[in-house]
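The block underneath contains the structure these notes are about, expressed in structure tokens.
The numbers here are math on the coordinates, done by the rules we state, and not lab data. As the structure is a prediction and not an experimental result, all values here were calculated from the model. Cβ atoms come from the backbone with ideal geometry, glycine included; neighbour counts cover every protein chain shown.
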Amino acid sequence: MNASAEKRAALSLSLGRSRISVMNVLTANLLLSSLALWVAGRIYLITMIGGGNMTTRSNGWLWFAPTIVFCALLVGCAASLTEATGAPVPIRRSEYLAVDGARLFLLTRGTDRHAPVLLWLHGGPGGPERPLFRYFNGDLEKHFVVAYWDQRGAGRLFDPKADPHLLTISRHLADLDAVVDHLRQLLGQDKIALIGHSWGSALGLLYVQRHPEKVSAFIGVASLVALLRSQQAEYDFVSTEAARRKDESTLARLRKIGPPPHETADRQLAMERLTDRYGAVFHKKPCKICVALRGMINGLVTPGELMSIHRGIHASLDAMTPELLSLDLERAVPSVDVPVFFFLGRYDRHVEATLAATYFETLRAPLKRLIWFENSAHNVPFEEPDLFNANVMSTLQSIGIQLVKQ
């Protein structure tokens with residue numbers, strides 16, 4: 001570096017420090033002025049009350065007025081100081097978005113609102129995994145702005161009076177587009193990353209195909225490719241495994257359910273319970289009661305919300321399964337124009353992992369990578385959370401997405 005360049009660099013550094021110093025002085029002056037205003041207000045109130053010029057009823061509200069003003073100014077001072085020093089500004093936002101006759105719940109959290117945005121697409125349909133994502137994968141909020149969306153008819157959006165005919169693939173795609181546009185505008189980012197679990201993966205790929213200009217990358221976890229073929233593979237697995245183990249109770253239950261297609265929520269959930277007996281839904285089973293209790297203690301979910309989740313899953317499965325049985329991503333989404341990553345559990349027989357792997361081989365994308373999780377079945381994020389989180393970060397970093405460092 002020559003002498004002229006060194007002078008310019010020194011001048012730039014000096015100006016930067018000067019701006020921060022000026023902001024700090026202004027912030028300190030504003031804080032002192034606010035404190036003086038608060039003290040003056042309190043003295044004035046004491047004088048007025050002591051002189052009997054105020055009614056007892058009004059004393060309470062007016063007594064706290066200077067305190068409220070002071071607190072508001074103090075928050076403003078803290079925000080100014082944070083921005084001046086370049087410290088990260090966190091985001092903790094809970095809201096309902098009005099979209100075509102529905103209110104979509106969206107929770108957005110992160111330690112730095114300028115971090116890359118990662119939007120979760122939960123499974124089901126109708127299974128809002130937001131409490132589980134936050135319980136097992138909440139550390140991602142340290143590196144991303146993570147958005148959790150309850151899809152129409154699910155979780156906090158479940159309404160027993162809602163028209164189930166509105167729960168369609170096209171409706172969910174339109175809702176997702178509204179959520180993506182809202183996040184892009186709110187956080188000032190042209191593109192965001194999507195991560196979909198099970199049905200959420202199918203939804204995400206359909207969306208990416210339509211709107212590649214809005215998505216930086218897509219991660220599909222335990223990806224649903226073709227529901228009818230997946231149901232048949234699950235049924236065959238349980239039948240073969242039960243026969244091998246001479247498990248007569250499971251075989252009897254299987255005969256009662258009958259072979260696919262399974263169009264109702266009751267039959268699908270009954271098959272899921274049988275599959276889980278053989279470690280093919282959760283290969284590493286968590287203590288579900290412990291997770292629920294800790295989730296409620298930590299404020300991730302309420303008892304009432306657990307009931308809504310249960311009812312929403314049934315309603316969405318009953319409404320959407322007939323349409324989903326005709327979905328096959330090999331035909332519907334042969335190619336996309338964004339980087340794609342699949343995270344699959346080696347033991348997943350609930351949504352057959354080999355079907356997803358076969359589809360992945362034929363899927364055309366500018367960049368793609370398949371990662372197997374050797375100790376997981378269908379619920380990879382919850383069975384191997386640390387490894388899952390690490391792979392989310394390293395995968396997105398590999399395509400140039402800059403993460404927030406803690």
Exercise for the section: Report the percentage of all Cα-Cα pairs in region 158-311 whose separation exceeds 28 Å, rounded to a whole percent. Expected result: 40 percent
Fill in the blank from the handout: If every Lys and Arg gets +1 and every Asp and Glu gets -1 at its Cβ, then about the Cα centre region 239-304 yields a dipole, in debye to the nearest 20, of 260 debye
Practice task
Apply the Karplus parameterisation 6.51 cos²θ - 1.76 cosθ + 1.60, with θ equal to phi minus 60°, to every residue of region 142-147 and state each ³J(HN,Hα) to the nearest whole Hz, in sequence, with x for glycine and proline.
Solution key: 7, 10, 10, 8, 9, 10
Fill in the blank from the handout: A correct fewest-to-most ranking of Asp163, Asp266, Asp318 by other Cβ atoms within 10 Å would be Asp163, Asp266, Asp318
Fill in the blank from the handout: The Kirkwood hydrodynamic radius of region 168-216, taken as the inverse of the mean 1/r over all distinct Cα pairs, in Å, comes to 10.9 Å
Handout entry: Under Karplus coefficients 6.51, -1.76 and 1.60, residue-wise ³J(HN,Hα) of region 95-102 in Hz, glycine/proline x
Key = 8, 10, 9, 7, 9, 6, x, 10
Exercise for the section: For Gly123, list long-range residues whose amide hydrogen, built 1.01 Å from N in the peptide plane, is under 5 Å from its own amide hydrogen. Expected result: Glu129, His197, Gly200
Practice task
Can you spot the aspartates and glutamates whose alpha carbon is less than 19 Å from Lys246's alpha carbon? Ignore those fewer than 8 places along the same chain.
Solution key: Glu234, Asp236, Asp276
Fill in the blank from the handout: From fewest to most C-beta neighbours within 10 Å, the residues Ile195, Ile371 line up as Ile371, Ile195
Handout entry: Residues whose placed amide H lies under 5 Å from that of Phe342, excluding near-sequence neighbours
Key = Gly220, Arg369, Leu370, Ile371
Exercise for the section: Give me the orientation-averaged projected area of the Cα convex hull of region 339-406, in nm², one decimal. Expected result: 5.0 nm²
Exercise for the section: Averaging over all projection directions, find the projected area of the Cα convex hull of region 194-235 and quote it in nm² with one decimal place. Expected result: 2.8 nm²
Practice task
Beyond 26 Å between alpha-carbons counts as too far, so tell me which of Lys142/Lys191; Lys161/Lys285; Lys284/Lys405 fall in that bin.
Solution key: Lys161/Lys285; Lys284/Lys405
Handout entry: Residue order, fewest to most surrounding Cβ atoms within 10 angstrom, among Leu367, Leu176, Leu107
Key = Leu367, Leu107, Leu176
Handout entry: Backbone HN-Hα couplings from phi across region 364-378 [Karplus 6.51/-1.76/1.60, Hz, Gly and Pro as x]
Key = 9, 8, x, 7, 8, 8, 10, 10, 9, 9, 6, 10, 10, 10, 7
Practice task
Collect residues whose amide H, placed 1.01 Å from N in the peptide plane, falls under 5 Å from the amide H of Val99; neighbours closer than 5 in sequence don't count.
Solution key: Leu104
